[in-house]
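The values are calculated or read from the model by the stated rules, or taken from the named source; none is laboratory data. Just so you know, these numbers come straight off a predicted model, no measurement behind them. When we count neighbours, we look across all protein chains shown, and the Cβ atoms used for this are built from the backbone with ideal geometry, even at glycine.
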Amino acid sequence: MTVFIIRRLLQAAVVVMLMSVIVFFGVNVIGDPVYMLVSPDADQAEIAATISRLGLDRPIWEQYWLFLKGAAQGDLGNSFIFGEPALQLILQHMPATLELAFSALFLSIALGIPLGLYAGLYPDSRISKTVMAASILGFSLPTFWVGLMLIILFAVELGWLPSTGRGDTVKVLWFHTSLATWDGLQHVFLPALNLALLKISLAIRLTRAGVREAMGQDYVKFARAKGISTRRIISVHVMKNIMIPVVTVMGLEFGSLIGFSVVTESIFAWPGMGKLLIDAILQLDRPIVVAYLMIMVLFFVIINLLVDIIYSLLDPRVRLQDQGA
Amino acid sequence: MTATLEVDGLCTHFFTHAGIVKAVDGVSFSVGKGEIMGLVGESGSGKSITGFSILGLIDPPGRIVSGAIRFQGENIANALDQRLQKLRGNRIAMIFQDPMMTLNPVLRIDTQMIEAILAHEKVDRRTAWERSREALGLVGIPSPEERLHAYPHQLSGGMRQRVAIAIAFLNKPDLIIADEPTTALDVTIQAQIIYEAQKLTRQTGTSMIWISHDLAVVAGLADRIAVMYAGRIVEQGMTDDVIDRPLHPYTIGLLGSVPSANKRGARLFQIEGMAPNMLALPPGCAFAPRCFAATPACSQEPAVQDVAGRQLRCFNPQVQEALS
Amino acid sequence: MSDATLTSPAPRVETPFRRFAAEFFESKIAAGALVMLLVIIVLAVLAPWITPQNPYDLSQVDVFDSRLPPGSDAFAGYTMWLGSDGSGRDLYSAILYGLRISLSVGVVSGLIALVIGMTIGLIAAYAGGRTENLIMRVVDLQLSFPASLVALMLVAILGKGVDKIILALVVAQWAYYARTVRATALVERRKEYVEAAKCLGLSKARIVFRHILPNCLAPLIVVGTVQTASAISLEATLSFLGVGLPQTEPSLGVLIANGFEYMLSGRYWISVFPGLALLATVVSINLVGDHLRDVLNPRLKK
């Protein structure tokens, strides 16, 4: 297991390095580096000063080295708009995004797995067919459009839920969360549902496919032949098997929840990293963009690593292969 | 004394989109206490469905249409699932064909054994664990403690089938239905498994239905043999009688197609034609189109008759020297 | 080899295409989706001839017509069945023009991604060894990031514009095609006919293009339809966020974004109708693609 984790950590480090090259060259070679790193209203002298201060007159590899050195110390440049370190701004906005993403993940699992289980156990029932049709829609509908519809329906027409912002937050342990107040929960529900819609569909389909496959397996029939109750067959024999793919895929999808939150945050004016990114792109606040991209790369690498570890813990076949190796 | 199991006119049909498949169509037999009965037939002849019908494990679109399954005098055909659940694994156990598929891959062996005990008895886990260990020892598994902690994929196919047999014997059932338990195994392991199963049956006095497509396997194991074709038992009798003096042309064909040492050089007998299409069975005797002894009478349905101590469905029993 | 084996088999009444078509139209939903998709394409292509105004010709747009509800009469006399937007454009016209842009961006980026991905996938599958390993590592790496995020990253670096969006969509999607081709080719190249072709001394290129490629077509078509739908949806998303197409290229996403500000004041139609058009397009392509997968994939057949 340790060997496995170390090997994966090394791979992850390679991926982060590779992506830093791509992001760095993307920003500095494809785009105009001065335009990107100096605020647009700077004058000639200021530009010249910045060029030499940032070492833009030096060879590109040396520049990359400087960029890496800065990144290693957590310095990814200052935001033009806020004048604060970009990394710090991103980190400030991260709790809101994580809160949204976790709420969406919770909704996907809490709704998707039971619905998928039902659809898998009773594939011919009317409810199952409705659920499956809805899940096809959930896959096809663009997230932003669903967000708009949710706002029209629940905020404008019915007036049940607020459409924008994060609501009251309270400090729990070391971070602020809106999940602990009624007002906060009301605010988080619509955006979380919007963000979760795709993943609910995914969870339904995964669970249903898994259940249908497992129910036809000999081991389920054998368990029935042993006189095991239907309840135990479903909750132990079937669930333990389908949880492997479901947990793995849903874990991997957590990264895409954070990525997709860009869309949801923009629609619901949710003050997270995604909203920060879009604002930064629109205002040409390039250091924030670079910082966001690097953070996202790191996020994905960590999530992939964690999911791999969880997967190998869940599936005895994988777990033991690794020990043997 | 009543027989352990009496099956009387069992019909299990599958109602598919393409039509009704009469997988089991009027099957009757009985198994006495401690008796081993061999149920033989080609794949698709309905022998496995017969086994699953007894346990009430027929899933839609299939169902038991008519007939009685009397287990120790109680009719359990279409019994409530609650009742069947109490019998399954407890009084009637089953061993499946493919040991690679029957054990749940993500549950440890001990989990899968202990749950089989706890489903039927209120004992503490420790006792259940001890009994599981003993059961593994009985089927010839070395160092059973270690195996109990293992996952199925860590055991070989033969080992897994031994575990499945151990599970079947866990609650000392009165009847075990073994559905081709050795088909998926190597020949040497096959012999060991048959030996273990036979030994345990004799020791515990358990009755057994051994389903197989291989007449040679059943011949060395069963007290009585029933030969199935297209959902019906065509011949049924004591093993020696059926093997030495087969009466039904189909049984003769099956026996003739088994290669053996004393027939070396002789041409293997071959049953002509293909296994029947269960959706479009010919009227009358289903075997008639492939039968060397078919007569116009075979377009009628042959009734079960007693011939020389055997139950037979045939108009033209081959009394003697049919093979020569 | 005798001549007889080289002559083509006798013509069959039931061509593969006919059988395929018959199977496809067995599903009423899929057939309906295909009809809807065709209608959408025809409407988009014919837009300049079947709309009452060219919404981007300023001389035809009247600012007095702005934000009119559906069914109102325009200053110029015709009826605006779907209402008008914030600058007085007839929404029906704007939607059809928007469809043109959305569809062309989706299809063009889909086609380019297909060609690039297919080529890379074929190279990987046939080169084998280190080249294959390297290519597939890159593919896997990219697929571990969602396409939407990759596209967003690219537009963040590249900026706005039709060419840049297409580039971003291509980069975000080529890996799906590469993976599909390589997976199919892996199966195909193990089959006997490739061995046979090798024994006949055919060149590698010939084997790849004449033998492996045709067999990859079915899965490519399936992936192509689904990816095109997601490209259209992705472009709309980016444009809605304001980082996609500029106002001068008003795709459906841009139209929806423009209507967003009026939404809270109850002028729902400015956003909702372009949204419905987008929805109809994406859903119909997905339904067609979904059913194509069922029909073209022999493993799924019962």
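Checking each residue in the range B:72-84 for being within 10 Å of chain A (Cβ to nearest Cβ) and in contact (Cβ under 8 Å) with a residue 24 or more places away in the chain picks out B:81, B:84. Residues in the range C:226-258 that are within 9 Å of chain A (Cβ to nearest Cβ), assigned to a helix (DSSP H, G or I) and not aliphatic (A, V, I, L, M): C:233, C:237, C:240, C:253. I'd like to check something: does the range C:116-132 contain any residue that is away from chain A (no Cβ under 14 Å), within 17 Å of the chain's Cα centre (by Cα), β-branched (Val, Ile, Thr) and surrounded by 22 or more Cβ atoms within 10 Å (Cβ to Cβ)? Checked the range C:116-132: no residue is away from chain A (no Cβ under 14 Å), within 17 Å of the chain's Cα centre (by Cα), β-branched (Val, Ile, Thr) and surrounded by 22 or more Cβ atoms within 10 Å (Cβ to Cβ). Checking C:155, C:107, C:162, C:115 one by one, the residue that is in contact (Cβ under 8 Å) with a residue 60 or more places away in the chain, out of contact with any Leu (no Cβ under 9 Å at 6 or more places or on another chain) and farther than 20 Å from residue A:17 by Cβ is C:107 and no other. The condition (being under 30 Å from residue C:160 (Cβ atoms), surrounded by fewer than 24 Cβ atoms within 10 Å (Cβ to Cβ) and of a type outside the set (S, T, N, Q)) is satisfied by just one residue among A:280, A:269, A:291: A:269.
Can you go through B:36, B:69, B:92, B:54 and tell me which one is within 30 Å of residue B:132 (Cβ to Cβ), out of contact with any helix residue (DSSP H, G or I) (no Cβ under 8 Å at 6 or more places or on another chain) and touching a residue at least 60 places away in the same chain (Cβ under 8 Å)? B:54 is the lone residue from the list that is within 30 Å of residue B:132 (Cβ to Cβ), out of contact with any helix residue (DSSP H, G or I) (no Cβ under 8 Å at 6 or more places or on another chain) and touching a residue at least 60 places away in the same chain (Cβ under 8 Å). Within the range C:261-276, the set of residues being assigned to a helix (DSSP H, G or I) and surrounded by fewer than 20 Cβ atoms within 10 Å (Cβ to Cβ) comprises C:261, C:262, C:276. Quick check: is even one residue across the range C:199-206 part of a loop (DSSP other than H, G, I, E, B) and not hydrophobic (A, V, I, L, M, F, W, C)? Yes, the range C:199-206 has at least one match.
Check whether at least one residue in the range A:227-239 is over 30 Å from residue A:131 (Cα atoms) and either within 14 Å of chain B (Cβ to nearest Cβ) or out of contact with any strand residue (DSSP E or B) (no Cβ under 7 Å at 6 or more places or on another chain) (or both), and report yes or no. Yes, there is a match, as at least one residue in the range A:227-239 is over 30 Å from residue A:131 (Cα atoms) and either within 14 Å of chain B (Cβ to nearest Cβ) or out of contact with any strand residue (DSSP E or B) (no Cβ under 7 Å at 6 or more places or on another chain) (or both).
The single residue among B:161, B:190, B:203 that is in contact (Cβ under 8 Å) with a residue 60 or more places away in the chain and assigned to a helix (DSSP H, G or I) turns out to be B:161. Evaluate the following for residue A:246: is it in a helix (DSSP H, G or I) and more than 8 Å from every other protein chain (Cβ to nearest Cβ)? Against the criterion (in a helix (DSSP H, G or I) and more than 8 Å from every other protein chain (Cβ to nearest Cβ)), residue A:246 qualifies. The listed residues are C:113, C:94, and the only one of them that is closer than 22 Å to residue C:272 by Cβ, surrounded by 24 or more Cβ atoms within 10 Å (Cβ to Cβ) and in contact with a helix residue (DSSP H, G or I) (Cβ under 8 Å, 6 or more places away or on another chain) turns out to be C:94.
Given the condition within 7 Å of chain A (Cβ to nearest Cβ) and touching a residue at least 24 places away in the same chain (Cβ under 8 Å), answer yes or no: does some residue in the range C:283-292 qualify? Within the range C:283-292 (the criterion being within 7 Å of chain A (Cβ to nearest Cβ) and touching a residue at least 24 places away in the same chain (Cβ under 8 Å)), the answer is yes, since at least one residue qualifies. For residue C:157, the criteria (1) within 14 Å of chain A (Cβ to nearest Cβ); (2) more than 19 Å from residue A:301 (Cα to Cα); (3) modelled with pLDDT of 80 or more hold in every case but one, which is (3).
Beta carbons closer than 8 Å, at least 6 apart along the sequence or on distinct chains, pair a first residue in the range A:263-278 that is within 17 Å of residue A:141 (Cα to Cα) with a second that is part of a loop (DSSP other than H, G, I, E, B) for A:264/A:270. The criterion of being at pLDDT 85 or above, more than 16 Å from residue B:211 (Cβ to Cβ) and either more than 10 Å from chain A (Cβ to nearest Cβ) or crowded, with 23+ Cβ neighbours inside 10 Å (or both) holds for residue B:4. Taking the numbered list (1) at pLDDT 85 or above; (2) on the phi < 0 side of the Ramachandran plot in turn, residue B:184 passes all entries but (1). So which residues in the range A:141-159 are among the small types (Gly, Ala, Ser) and surrounded by fewer than 18 Cβ atoms within 10 Å (Cβ to Cβ), if there are any at all? Residue satisfying the conditions is A:159 alone. Taking the range A:115-142 as the range and being under 29 Å from the mean Cα position of the chain (by Cα), more than 12 Å from every other protein chain (Cβ to nearest Cβ) and of a type in the set (Val, Ile, Thr) as the test, the residues that pass are A:130, A:131. Selection of the range A:43-54 for residues being exposed (fewer than 14 other Cβ atoms within 10 Å of the Cβ) and either modelled with pLDDT under 70 or of a type in the set (Phe, Trp, Tyr) (or both) yields only A:53.
The set of residues from the range A:188-223 being over 14 Å from residue A:136 (Cβ atoms), of a type outside the set (A, V, I, L, M, F, W, C) and part of a helix (DSSP H, G or I) comprises A:191, A:194, A:199, A:207, A:210, A:212, A:213, A:218, A:219, A:221. Taking the numbered list (1) in a helix (DSSP H, G or I); (2) more than 9 Å from every other protein chain (Cβ to nearest Cβ) in turn, residue A:259 passes all entries but (2). Can you name every residue in the range C:259-282 that is more than 7 Å from chain A (Cβ to nearest Cβ) and among the polar types (S, T, N, Q)? Scanning the range C:259-282 gives C:265, C:281.
Taking the listed residues B:54, B:69, B:49, B:64, the one that is touching a Leu at 6+ places or on another chain (Cβ under 8 Å), among the hydrophobic types (A, V, I, L, M, F, W, C), part of a helix (DSSP H, G or I) and surrounded by 16 or more Cβ atoms within 10 Å (Cβ to Cβ) is B:54, with no other qualifying. Residues in the range A:180-195 that are touching a residue at least 24 places away in the same chain (Cβ under 8 Å) and surrounded by 16 or more Cβ atoms within 10 Å (Cβ to Cβ): A:187, A:188, A:189, A:190, A:191, A:192, A:193, A:194, A:195. Going through (1) closer than 21 Å to residue C:215 by Cα; (2) under 19 Å from the mean Cα position of the chain (by Cα); (3) free of Cβ contacts under 8 Å to residues at least 12 places away in the same chain one by one, residue C:174 falls short only on (3). The set of residues in the range B:88-119 being in contact with a Gly (Cβ under 9 Å, 6 or more places away or on another chain), assigned to a helix (DSSP H, G or I) and either polar (S, T, N, Q) or within 7 Å of chain A (Cβ to nearest Cβ) (or both) consists of B:116 alone.
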